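The structure appears below as structure tokens.
The values are calculated or read from the model by the stated rules, or taken from the named source; none is laboratory data. Not measured: the values here are computed from a predicted model. Here the Cβ positions follow ideal geometry from the backbone for every residue, glycine too, while neighbour counts run over all protein chains shown. Heavy atoms of the whole protein, side chains included, go into the accessibility calculation; ligands, DNA and RNA do not. Shrake-Rupley method; radii C 1.70, N 1.55, O 1.52, S 1.80 Å.
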Amino acid sequence: MAIAKTNAHRKIGILGGSFNPAHSGHREISIAALERLGLDAVWWLVTPGNPLKDSNVYAPYEERLKMARAVSDHPDIVVSDFEKRHGLTYTVDTLEALQADNSNCVFVWLMGADGLENFHKWKDWKKIAALAPMAVFARPGYQDGALSGPAAKELAAFRLNADQAESLTSNDAPAWIYFPDTNNPISSTELRNRKILHSTTTDQSSDLTAPHGALAYFLDLHPDLGDFHADAIEGLSKKQKCISPKYFYDERGSKIFNGITEVREYYPTRTERQIFLENAQDITDAIGSGASIFEYGSGSSEKIEWLVKGLKDPMAYVAMDISRDHLIESASVMAEQLPIPVAAICADFHAPISFPEGILPQPEHWLGYFPGSTIGNMLPETAVGFLRRASDTLGENARFLIGVDLVKDKSVLEAAYDDDQGITAKFNLNLLVRMQRELGARIDLDHFEHYAFYNEQLSRIEMHLRATQPTEIVIDDHVFSFAKDETLHTENSHKFTLEKFSQLVNQTPWHVEKSWTDPKGWFAACLLSNR
């Protein structure tokens, strides 16, 4: 399969294997490949198992993955669980999957001379050779067998000289090159037999995967997505029936919410955008130069582009979201559009997070970015905990730019959460639709209506689903009865004065450094500092 190569393609070396254990030979081959082939990165694909090897000799997979991350110790070497995540065993399938997922990359298969000697035993080895160019590195005792073996003989016409190394990635496969001067004697087999001990210390023990498309990295912290069934039963069993608003956002709910942001009555999105754009220079000047941006809740390129373009010497952008598929999709789009490296972390707002080291450029300081007034959906004590963890994540001298919805006339607030088109009502009622679809719940949807009101005592909009007549929700053998006008509480949206927000922030390592508001005083962009 010939790949059209352009200057826009990233050149990636692939070193696959059991890494049982990883050792300096793997690292030396990778560094040689980076230098001689002019690669942008080398990805180590740690396979769950090699069909040609005895599975009984494998260390546990997570142990091998951690060891590989500790040994690699290079910003351009990325350790990946790609094969395990995709359920792949054979190299031919892995290469096809990599090419399908990463159309902007040119891949080179890297292997030692011992691999070439046995290459003819690999499944569909000729197809592998036709999928990607190959670079083969000498190993003591294997040169003669490798170069005289069936695969080398079959592919002899496609071999390049070692001095043509930099042109390998521009050649259509099959094409291969042999480096005779990389005779690292270490082997994983020998290490296992000698029982040499290695430190398994690594800065990042979570699932750091090789770049996904244009992303510098994708880190999956496997956030707890909740148990909809258990949480629904627990919430419906309470005196004030309730359910977490995180269950709003199935695919249908997310699409409905996008419609809410466009309705006439819903001011937060457009008002915040106005504040950011009209005060862009002042905001970015206050943030300072050399910042890397970490966005809580992956947004769109439109939401982040003004910030990246306005900052002086921005270093990188990292998107975070709980929805893995949405995150990869949105962050990948931004990676193609933004002029700085882009990475992604799949995590929950409330999880402790640390950034993988040595992959992105080192910033002078981090900037947290949390637009949309999502902090208002948290209870005050939850918001305090979130801000404290964010301080730990972003580190010393960080800034944090947060959107904050302000207290205003009750009629404006209630209209924003109960629009004339009924889109917010549709969004709220979708929770019941989701219960029917996913939990098999028996619900008469006509017996419920959307109900939103401003609770002045607690300074918050409350959203409920209110029974219009006596009814019930049945899940399995659990029957939850509703009297007329009884409600299921679905969401809060707290509103602040600037003074109240400062009081909240002052319970954390942050303080409010500066704020910007719209002419009506409906919304604020607040810049926090932990200096």
message = Could you report the accessible area of Lys303 in Å², rounded to 10, computed with a 1.4 Å probe on the protein chains as they sit in the structure?
response = 100 Å²
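Relative contact order of the stretch 264-338, please, whole-number percent, based on alpha carbon pairs below 8 angstrom and at least 6 residues apart. Write down the numbers at each step before the final one.
Details: 74 pairs, mean separation 24.3, N = 75.
Rounded, it is 32 percent for the stretch 264-338.
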ask   = So what are the ³J(HN,Hα) numbers for the stretch 121-134, from phi and the Karplus equation (6.51, -1.76, 1.60; θ = phi - 60°), rounded to whole Hz, Gly and Pro as x?
value = 8, 6, 4, 6, 4, 5, 5, 4, 4, 7, 7, 8, x, 10
task = Measure nothing but the geometry: give the 0 to 90° angle between the long axis through the Cα atoms of 301-310 and the longest principal axis through the Cα atoms of the chain, rounded to 10°.
result = 80 degrees
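Please report the relative contact order for the stretch 371-498, taking Cα pairs under 8 Å with a sequence separation of at least 6, and give it as a percent rounded to a whole number. All intermediate terms of the calculation are to be shown ahead of the outcome.
Details: 188 pairs, mean separation 33.2, N = 128.
Relative contact order for the stretch 371-498 comes out at 26 percent.
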inquiry  = Pairs of alpha-carbon atoms within less than 8 angstrom and 6+ residues apart define the contacts here; what relative contact order does the chain have, in percent?
reply    = 12 percent
task = Please list, in chain and number order, the residues 5+ apart from Ile293 or on another chain whose amide H is under 5 Å from its amide H, with Hs placed from the backbone.
result = Met315, Ala316, Tyr317, Val318, Leu367
remark   = Measure of exposure for Thr497: accessible area at 1.4 Å probe, Å² rounded to 10, is 60 Å²
query = So for the pair Gln240, Asp163, with labels modelled 7 Å out along Cα→Cβ, what separation do we get in nm?
reply = 8.0 nm
remark   = Here the stretch 391-408 yields Karplus 3J(HN,Hα) values (6.51, -1.76, 1.60; θ = phi - 60°; whole Hz; Gly and Pro given as x) of 5, 5, 5, 7, x, 5, 6, 7, 10, 9, 9, 10, x, 9, 7, 9, 4, 7
task = Set the Förster distance to 22 Å, then compute FRET efficiency between Glu35 and Gln99 from the Cβ-Cβ distance, nearest 0.05.
result = 0.35
query = What ³J(HN,Hα) values, in whole Hz, does the Karplus curve 6.51 cos²θ - 1.76 cosθ + 1.60 give for the stretch 260-271 when θ = phi - 60°, with x put for Gly and Pro?
reply = 4, 5, 9, 6, 4, 6, 7, 7, x, 5, 6, 5
task = Search the structure for amide H atoms under 5 Å from the amide H of Val108, placed 1.01 Å from N in the peptide plane, and list their residues when 5 or more places away or on another chain.
result = Ile12, Gly13, Ile14
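Local charge sum around Leu131 (other residues, Cβ-Cβ under 11 Å, Lys/Arg +1, Asp/Glu -1)?
Values: positive: Lys126, Lys127; negative: Asp93, Glu96, Asp124, Asp172.
Net local charge, Leu131 excluded: -2.
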task = Using 0.36 nm per residue of separation minus the Cα-Cα distance, give me the extension gain between Val479 and Ser148 in nm, one decimal.
result = 111.7 nm
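Checking the a/c ratio against 1.5 first, then a/b against b/c, what shape does the Cα gyration tensor give for the stretch 271-408?
On the way: a/c = 1.28, a/b = 1.09, b/c = 1.18.
Because its axes are fairly even, with a/c under 1.5, the stretch 271-408 counts as rounded.
Quick one: accessible area per residue over the stretch 402-504, 1.4 Å probe, rounded to a whole number of Å²? Write out the running numbers ahead of the final one.
Details: 4620 Å² over 103 residues.
Ligands and nucleic acids excluded, the result is 45 Å² per residue.
For Ala280 and Lys121, what is the calculated FRET efficiency with R₀ set at 51 Å and r taken between the beta-carbons, to the nearest 0.05? Walk me through the numbers on the way to the answer.
Working: r = 61 Å, r/R0 = 1.19.
In this case the efficiency is close to 0.25.
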query = How many angstrom separate the Cα center of the stretch 119-150 from the Cα center of the stretch 390-452?
reply = 58 Å
request  = Within 10 Å, count the other beta carbons around each residue, average over each peptide in 436-447, 512-523, and list them highest first.
outcome  = 512-523, 436-447
The chain: angle of helix 324-337 to the longest principal axis, Cα-based, in degrees nearest 10 = 70 degrees
key: Amide hydrogen neighbours beyond the local backbone of Leu406, cut-off 5 Å, H modeled   = Phe496, Phe523, Ala524
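Quick one: net charge of Glu117's neighbours, Cβ under 14 Å, K/R +1, D/E -1? Please report the intermediate quantities before stating the final value.
Values: positive: Lys121, Arg139, Lys153; negative: Asp114, Asp144, Glu154.
The answer is 0.
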